[in-house]
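Written out below as structure tokens is the structure these notes cover.
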Amino acid sequence: MRTLIIALFMLCMYLPNYAQKLSDLPQKEREAYLIKKAKEIYKEKKWKKFYREFGIPKIDSLRTIKDGVVPKSPYYQCKKGDIYYEVYFFYDESKEEMEEDYAAKVIIRDRDGKAVAIELGSTIGVVLINKQGEVGR
């Protein structure tokens with residue numbers, strides 16, 4: 001019985017380390033997930049009047065250069081070297097003008113695939129907080 005309890009404890013302790021990162025997925029599958037997740041966030045009711053989609057979304061990746069220590073920032077609790085993806089949605093520049101060259105940018109964490117922030121081309125930036133008060137949805 002004691003051995004079973006220890007084995008279950010060890011399994012629960014190490015299981016999160018085997019969760020799949022987005023960077024482990026094949027590129028096409030990862031990009032499809034990133035665009036789908038970014039659209040899901042960008043099409044939420046509160047951003048509806050800001051929604052634009054023109055052309056093909058662009059995906060960039062970045063690595064953090066230091067640990068994230070600022071609460072309620074998109075990079076809070078990140079470790080040096082963590083990967084984040086930025087999905088850009090563009091707008092028709094012949095019809096309107098914004099502060100940025102994109103309509104929206106959604107930032108997604110590699111380690112769990114959660115969107116952590118959205119930045120609109122009109123320079124509005126919002127960190128996405130879930131119901132538990134943690135960064136990421």
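Rule-based calculations on the coordinates, nothing more; no lab input. Small disclaimer: the values here were computed from a predicted structure and weren't measured. Counting neighbours? That spans all protein chains shown, and the Cβs are built from the backbone with ideal geometry, glycine included.
Relative to one another, the C-alpha centroids of the range 98-130 and the range 28-60 are positioned 10 Å apart.
In the structure shown, do any of LYS21/LYS80; LYS37/LYS79; LYS36/LYS114; LYS43/LYS95; LYS79/LYS105 have a Cα-Cα gap over 19 Å, and if so which? Mind showing how you got there, number by number?
Working: LYS21/LYS80 16 Å; LYS37/LYS79 23 Å; LYS36/LYS114 12 Å; LYS43/LYS95 21 Å; LYS79/LYS105 22 Å.
From LYS21/LYS80; LYS37/LYS79; LYS36/LYS114; LYS43/LYS95; LYS79/LYS105, over 19 Å: LYS37/LYS79; LYS43/LYS95; LYS79/LYS105.
Residues in the range 79-108, backbone N under 15 Å from the label point at ASP24 (7 Å along the Cα-to-beta-carbon vector): list them, ranges by number please. Under cut-off, by backbone N: 83.
For ASP60 and VAL126 in the same chain, what is the full-extension length gain: residue separation times 0.36 nm, less their Cα-Cα distance, in nm? Mind showing how you got there, number by number?
Details: separation 66, 0.36 × 66 = 23.76 nm, distance 1.89 nm.
Here the answer is 21.9 nm.
By average Cβ neighbour count within 10 Å, what is the ranking of 45-56, 93-104 from highest down? Walk me through the numbers on the way to the answer.
Working: 45-56: 12.0, 93-104: 13.7.
My ranking of the peptides, most packed first, is 93-104, 45-56.
Each label was represented as a point 7 Å from its Cα along the Cα-to-Cβ direction; for GLU40 and ASP67 these points are 3.1 nm apart.
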